[in-house]
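What follows is a short report on a single structure.
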Amino acid sequence: MIRLLAPLLLLLSLLGPAQAQQLLPPEQAYRASVRTLSPEQIEVRFAIEDGYYLYKDKFQFRTEPESVTVGPPELPPGKKKHDEFFGEVETYRHDLVFTLPVSAPADIAHFELTVVSQGCADIGVCFPPTPQRLNVDLTQSGAAGGGSILSQLGLGGSAPAIDRPTGTATPPAPAGDESGRIAGLLSGQSVPLVLLSFFGFGLLLAFTPCCFPMIPILSGIIVGHGHKISKLRAFELSLAYVLGMAVTYALAGVAAGLSGALLSAALQNVWVLSAFALLFVVLSLSMFGFYELQLPTALQSKLSDTASHEKGGSLHGVVVMGVLSALIVGPCVAAPLAGALLYIAKTGDAVLGGSALFVMALGMGAPLLAVGVAARSVLPKAGPWMEGVKKAFGVILLALAVWMISPVVPAIVPMIGYGALLVFSGIYLHALDPLPQHVRSWQRFWKAVGVIALILGATLLVGAMAGSRDPLQPLAGLRGGNAATPVPAFQKVRSVAELDARIAASTRPVMLDFYADWCVSCKEMERFTFSDPAVQARMSRMLLLKADVTANSADDQALLKRFDLFGPPGIIFFRPGGAEITGQRVVGFMPAEAFTRQLDAALTPPN
């Protein structure tokens with residue numbers, strides 16, 4: 001397995017020295033932190049790297065919530081110099097410490113301070129105004145801002161002491177949203193704690209719909225090796241699959257962070273998905289015994305010779321399947337993935353960002369290892385049972401093929417595909433055959449399963465012909481209604497210029513939804529969140545805009561880059577006139593109840 005990790009280790013080792021020779025990003029050149037002196041006064045500190053300086057007159061301060069206010073800063077005298085960009089100015093180098101008076105309502109003990117600064121490097125490069133977000137705790141004098149990993153993620157609790165300043169600001173990111181906080185986690189915590197946290201993120205993502213298709217793929221690989229496969233061999237195959245997936249997540253993530261575009265998004269087209277679906281069909285037909293997948297005799301002999309020196313000759317094929325699964329099966333963008341990509345994009349630190357993604361993918365794969373070993377454990381001995389298990393996985397792989405192409409074909413196609421598959425399964429389980437006079441209980445059970453499958457399949461086919469497009473509500477078309485609760489009408493925007501014009505002209509708050517046909521979480525948002533009556537009541541008070549990035553065109557990529565997004569789903573709110581509402585971005589799926597609170601906050605006018 002060491003050789004499977006070699007490409008990743010080589011890439012990271014090459015990237016590391018290259019990053020050190022580049023100009024530092026502003027958030028690294030001027031690292032801000034905050035400390036509470038009293039409930040009425042805080043101290044802000046900038047650690048300024050050698051070769052960089054800050055301008056005295058370029059500081060700005062914002063607070064969230066806006067009911068907290070800060071007064072003018074008490075800045076020390078700076079060093080006067082003639083600047084080729086701004087004329088006679090005062091500047092700061094190395095360390096800068098100043099205080100800010102604070103006025104907060106009695107019921108507010110914590111708030112977020114955004115410090116905007118601007119400076120230059122001695123080599124002649126000047127940076128735009130750079131925001132850095134700091135968490136302030138007014139309850140304890142002497143407390144540093146920033147907080148632990150758990151508090152930065154809004155999960156409460158505390159964490160062990162770390163070796164970096166706890167008040168170090170996060171890189172500039174969409175203020176207050178979860179992916180921004182996770183990007184801050186990468187820059188503000190110790191490396192072991194960061195990797196441990198991302199492993200935990202991966203475990204949580206393993207139980208999302210984006211990862212579910214990987215379970216039958218891996219299980220099918222194990223079952224395809226037959227009943228003679230050992231537990232150790234099942235574990236090796238599972239580990240090879242997970243490592244292929246993890247290395248791909250890391251490398252593709254680094255490429256996405258540095259280029260600003262997800263490789264997996266580019267692969268979500270009808271040709272690629274159809275080819276992958278065809279692969280599943282080929283595998284499933286072999287499960288049904290139509291043929292055996294075998295290599296040419298000469299190649300089999302060569303591989304057999306190799307296998308005698310290297311245990312397990314088919315590991316490489318399983319690794320390839322893990323790579324394809326990572327790129328094609330699960331292109332969802334959740335907050336941890338978005339945060340890591342945002343960190344890589346802002347800092348260029350491919351080593352830490354890529355390592356975090358690799359460890360996150362290992363967390364996602366941990367349950368798959370258990371599934372792989374369990375698949376071996378439940379395999380029966382040779383005989384009719386084994387053939388039944390293989391055919392069951394053949395059906396699962398056919399269903400996966402239908403699911404694979406569903407984002408890029410008309411909605412009626414997967415309805416017919418699922419319906420036909422259930423009908424054929426029911427017939428195969430003898431749903432239409434009379435039972436013999438003396439049968440065992442398990443034969444009655446499987447006939448009942450076959451009857452249910454036949455009825456469900458017929459229902460789906462009738463529903464598809466009647467106009468329904470939702471497999472969960474197949475008969476909705478017979479009622480004369482849609483298959484699901486109507487989603488509020490969105491106006492599509494196709495370019496950054498069109499978006500800016502729509503937002504600027506709106507007299508209502510604006511909600512911008514990033515969507516793609518191949519985005520599983522986007523479909524979840526439409527079905528389970530946007531259809532909720534409480535959500536719809538609030539969305540009716542907004543201008544609803546949708547950026548459909550299914551085609552992944554240049555305009556689509558420009559819209560995503562405009563907001564530091566790497567893929568859908570992503571929802572951004574704006575006030576009337578165009579200002580983004582800070583701290584309210586949504587990345588990934590959010591249930592209706594939580595989204596209702598998000599909408600309430602977006603609809604609340606500023607004080």
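Values in this text are rule-based calculations from the coordinates and carry no lab data. What you are looking at is a predicted structure, and each value in this text was computed from that prediction instead of being measured. Because the Cβ atoms are built from the backbone with ideal geometry, glycine has one as well, and the counts that use them run over all protein chains shown.
Report the charge-dipole magnitude of the stretch 491-603 in Debye, nearest 20, computed about the Cα centre from +1 at each Lys and Arg Cβ and -1 at each Asp and Glu Cβ. Walk me through the intermediate numbers first.
Numbers: 14 positive and 14 negative charges, 58 e Å.
Once rounded to the nearest 20, the dipole reads 280 debye.
Taking the number of other C-beta atoms within 10 Å as the exposure measure, put 402, 44 in order starting with the fewest. Let's see the in-between values first.
Details: 402 21, 44 26.
Ranking 402, 44 by Cβ neighbours within 10 Å, fewest first, gives 402, 44.
So how much slack lies between residue 446 and residue 558, counting 0.36 nm per residue of separation and subtracting their Cα-Cα distance, in nm?
35.0 nm is the gain from fully extending residue 446 to residue 558.
So for the pair residue 420, residue 90, with labels modelled 7 Å out along Cα→Cβ, what separation do we get in nm?
Using points 7 Å along Cα→Cβ, the separation is 7.8 nm.
Taking a threshold of 21 Å on the Cα-Cα distance, which of the pairs 492/523; 58/561; 231/447; 56/561 fall above it? Spell out each step's value before the answer.
Working: 492/523 17 Å; 58/561 26 Å; 231/447 32 Å; 56/561 31 Å.
Where the Cα-Cα span goes over 21 Å, the pairs concerned are 58/561; 231/447; 56/561.
Rounded, prolate or oblate: which fits the stretch 26-137, taking a ≥ b ≥ c as square roots of the Cα gyration tensor eigenvalues, rounded meaning a/c under 1.5, else prolate when a/b beats b/c? Can you show the working numbers first?
Working: a/c = 2.31, a/b = 2.11, b/c = 1.09.
Note, shape of the stretch 26-137 comes out prolate.
Step by step: find N for the stretch 412-468, compute 2.2 N^0.38 Å, then divide the Cα radius of gyration by it. What's the final number?
Details: Rg = 13.1 Å, N = 57, 2.2 N^0.38 = 10.2 Å.
With N residues counted in the stretch 412-468, Rg over 2.2 N^0.38 Å equals 1.28.
Spin-label point model (7 Å from Cα, Cβ direction): what's the residue 41 to residue 489 distance in nm?
Inter-label distance under the simple model: 5.9 nm.
How about the stretch 490-592: which trypsin sites (Lys or Arg not before Pro) there lie in a loop by DSSP and see at most 12 other Cβ atoms within 10 Å? Display every interim value, and only then the final one.
Numbers: sites: 492, 494, 502, 523, 527, 538, 541, 546, 561, 562, 585; in loops: 494, 541, 585.
Counting only loop positions with at most 12 other Cβ atoms within 10 Å, the trypsin sites (Lys or Arg not before Pro) in the stretch 490-592 are 541.
Quote to one decimal, in nm, the extra length available between residue 594 and residue 69 on full extension: 0.36 nm per residue of separation minus the C-alpha distance between them.
Working: separation 525, 0.36 × 525 = 189.00 nm, distance 2.79 nm.
Extending this stretch completely gives an extra 186.2 nm.
Would you please classify the overall shape of the stretch 491-603 from the alpha carbon gyration tensor, given that a ≥ b ≥ c denote the square roots of the eigenvalues, rounded means a/c under 1.5, and beyond that prolate means a/b larger than b/c while oblate covers the rest?
oblate
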